[in-house]
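Bear in mind these aren't lab numbers, they're just calculated from the coordinates by the rules spelled out. Because the structure is predicted, anything quoted here is derived from the model rather than measured. For neighbour counting, all protein chains shown are included, and Cβ atoms are generated from backbone atoms with ideal geometry for every residue, glycine included.
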Amino acid sequence: MFVLIAVAIVAVLYTRLSGGGEPASGEGVATGAASRQGPADTPSDRVAEDAQAQEVPSSVRVGSARDQQVATVPDDGFAGLLEGSRPADAQPAGTATGARDAAPAGDAQQPGSPVNGQGADHEEEGGQGTEAATDAAAPPNALTVAGGVVTLTYPAELALATTGQPLPIASTIPPCDDGFDYCFYMPEGAFAGTNFRAAGMSVTLRKGLTSRLSCLLAQPDGYQDLQPGLVVPMRESVGQGVGGSAERDSTAETGGGAPAGPATSRFGGLGEGAAGTYYNGEERRLFVAGACYEFTTRVVESQFGNYPEGAVKEYTAEQRGATLARFDEVLANATVTVGDEVEPVEWPRAGTSDLAPFIRLDEPAAGDLMTSPVRLSGEAVGPWYFEGSFPVSVVAQDGTVLGQGFVSAQAEWMVDGLVPFTGEVEFEAPVGGSRDQASADEQGQAASALPVTLVLARDNPSDLPEHDAALHVMVGVAVGAGE
């Protein structure tokens with residue numbers, strides 16, 4: 001019996017050793033060259049294994065440890081635009097600085113929302129939310145604008161897009177118009193549950209505005225007759241009318257020569273509406289080192305009254321102010337580098353309007369009562385003239401032109417300093433009426449006077465709108481005067 005069992009075992013072993021138990025096709029260990037390479041040893045697999053072993057992320061993570069958000073942007077021209085703002089660990093081209101720079105749509109961290117599990121106990125109200133305690137420690141980001149002259153520091157709550165990048169914001173009016181070089185904007189979802197739609201600040205190099213005068217005074221697109229506030233450093237050596245230097249200040253008009261320092265302007269009260277959506281904002285310009293930079297800020301809202309009652313909360317004036325403050329902070333911290341000098345940028349105060357660095361009217365003064373012909377005197381910079389003169393108009397409240405004429409330079413006008421002018425302009429006094437009289441009453445003038453505006457326009461033989469500029473001075477006219 002035992003002999004039979006032993007024979008059977010030997011037979012089974014013999015069968016297996018002789019190949020009767022060969023594995024199915026594809027199983028087991030391959031022979032020849034394939035056995036030396038290994039079945040999984042392909043280039044792509046080796047890369048994947050190396051990446052896993054070293055824990056290298058596919059996108060560079062930037063920002064603080066609290067705020068580790070992937071920020072990847074396309075490579076199209078982005079390299080070099082963020083000079084000086086990269087961390088020491090050498091980010092590759094195509095990666096924006098800052099935790100929220102150019103974050104993909106739907107992936108941007110919103111103000112007041114939990115970050116990496118922190119701040120979850122901070123409840124949002126009306127979409128604004130309360131910043132998590134750790135948000136206060138979020139370091140700001142730095143952007144050196146192409147050209148290397150202007151540097152902006154911006155809070156981590158703002159996202160950044162560059163030329164050609166789409167803005168992941170669903171709004172009839174976008175946070176920045178097409179054509180921007182950079183756009184700082186509130187990420188999608190900010191102030192959720194309110195009638196807030198978007199907010200942003202575009203940064204654009206205005207290549208057509210090559211002179212200081214045109215850069216600072218050219219009207220914002222779609223507007224006319226706006227007078228900005230100005231901050232214009234003036235060099236003592238610039239010609240000041242009679243007895244002044246006849247040498248043109250090439251820094252002021254052509255952008256060359258010794259720098260006179262950065263000059264700025266500020267247009268307030270901008271706004272527009274479309275399809276139940278509207279925006280409020282302002283536009284600032286900076287002229288430095290022969291280049292003109294434009295900064296346009298806007299907050300976009302939809303009409304709160306268009307929503308069913310209780311559908312959304314109203315985006316409040318306080319929230320609007322807090323939103324605008326984020327962009328104001330960017331500009332307040334702006335610096336310019338000219339040569340070896342780094343200077344802060346000084347901006348005009350909000351609501352100011354003063355063209356005195358370029359033109360001023362001494363006679364008549366604002367609010368004076370005048371009769372026809374009116375004698376004018378004052379000073380204007382040389383580029384305000386063409387062939388030694390510039391036009392003046394007398395305009396009624398309803399836009400009717402009552403009279404036109406010219407004033408003439410009283411000294412060499414081919415300078416950039418202030419040159420005195422004089423002249424007379426005849427006009428037809430407006431006939432008093434209920435609407436005009438009401439306007440006069442609103443201006444606090446006597447019942448026998450009506451308000452008109454003296455418009456001292458820059459002579460612009462090119463007719464290019466970017467060279468338009470004008471000083472508007474409100475005066476009074478006696479009813480029936482000059483008839």
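Hey, rough spin-label estimate for Ser448 and Gln404, points 7 angstrom out along Cα→Cβ, what's it come to in nanometres?
For the pair Ser448/Gln404, the computed spacing is 3.2 nm.
In the stretch 269-310, with Lys and Arg counted as +1 and Asp and Glu as -1 at Cβ, which of these residues, Tyr278, Ser302, Ala289, has the Cα nearest the positive end of the dipole, that is, farthest along it?
After comparing all options, I get Ala289.
Need the C-alpha centroid separation for the stretch 179-230 versus the stretch 352-394, integer Å.
29
Can you list the HN-Hα couplings for the stretch 375-389, worked out from phi with the Karplus curve (6.51, -1.76, 1.60; θ = phi - 60°), rounded to whole Hz and with x for Gly and Pro?
Each residue of the stretch 375-389 in turn: 9, 10, 8, x, 9, 8, 5, x, x, 6, 8, 9, 6, x, 8 Hz.
Semi-axes of the stretch 271-366's equivalent ellipsoid from the Cα gyration tensor, sqrt of 5 times each eigenvalue, largest first, rounded to whole Å? Can you show the working numbers first?
Working: eigenvalues 244, 88, 28 Å².
Whole-Å semi-axes of the equivalent ellipsoid: 35, 21, 12.
With the Cα gyration tensor of the stretch 263-308 giving a ≥ b ≥ c as the square roots of its eigenvalues, does the rule (a/c under 1.5 for rounded; else a/b larger than b/c for prolate; else oblate) give rounded, prolate or oblate? Numbers along the way, then the final one.
Details: a/c = 5.04, a/b = 4.05, b/c = 1.24.
Prolate is the answer for the stretch 263-308, as a/c is 1.5 or above and a/b outweighs b/c.
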